[in-house]
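The values are calculated or read from the model by the stated rules, or taken from the named source; none is laboratory data. Remember, predicted model here, so these are calculated numbers, not experimental data. Please note: Cβ atoms are built from the backbone with ideal geometry, for glycine as well, and neighbour counts cover all protein chains shown. Please note that ligands, DNA and RNA were not included when accessible areas were found on the heavy atoms of the full protein model with its side chains. Shrake-Rupley method; radii C 1.70, N 1.55, O 1.52, S 1.80 Å.
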Amino acid sequence: LRVSDGFIKENNGYREMHLGNRSLLEVNPPGVEVKAVSQGEMPKPNYQRRAIRDLHEGESARLVGTVVQIFDPRFYEGCPVCGRKLENGCREHGNVSSTMVPILNFYLDDGTGNIPIVIFRDLVSKTLNVAPDVVAQFRTTPESFASVKQDFLGRQLMLGGKVQKNILFD
């Protein structure tokens, strides 16, 4: 790729490339030959363990706590490639057939406070410790979630992620 009019920004110790409305991406530009391509993986963020009461918006953190409330999973029509919500097609992949993407909301308490947690896509089945096809069944038979919900309540979890403030619930 050849990138024009992009810029680099620091985000939690990593560099990100940002493109605006004047940016250009040129795929396989003429006269450019790539000699070697790194197969390395992107390093995983180093989440620091934090107490819920000490969290600040925008930071990455690792929390350890107990699930004290869980809500039935919801689903939305998403892109099968990137998982983004479809609105007249995918903004990145154009017209694609949709797939149902799960969202799970629950509250985690660490003794210093509680916080709503929202997880998407394949993390739902991993977090609930059930197969993806079982999660898909929750959409058509919500009553099948009752036993999974009961097993999940009271579970101790260690989670890492980025803190975002929900204005409605502070």
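Quick notes
- The alpha-carbon of residue 126 sits under 30 angstrom from the alpha-carbons of these lysines, leaving out residues fewer than 8 places away in its chain: 44, 85, 149, 162, 165.
- Note on the chain: Kirkwood radius taken over Cα pairs, Stokes-Einstein applied at 25 °C and 0.890 mPa s, translational D equal to 127 µm² s⁻¹.
- For segment 24-170, the share of DSSP beta bridges that are antiparallel, to the nearest 5, is 95%.
- Annotation: peptides 129-136, 19-26, ranked by per-residue average of other Cβ atoms within 10 Å with the highest first, follow the order 129-136, 19-26.
- Per-residue ellipticity at 222 nm, computed for the chain from helices alone with -39500 (n - 2.57) per DSSP H run of at least four residues, works out to -4000 deg cm²/dmol.
- Cα-projected label distance for residue 98 with residue 3, points at 7 Å along beta-carbon direction, nm: 3.2 nm
- Rg ratio for segment 86-168: its Cα radius of gyration over 2.2 N^0.38 Å, N being its residue count, equals 1.30.
- Average Cα contact separation per residue, segment 22-170, under 8 Å, 6 or more apart, as relative contact order %: 29 percent
- With every protein chain in place, segment 101-170: carbon and sulfur % of accessible area (1.4 Å): 53 percent
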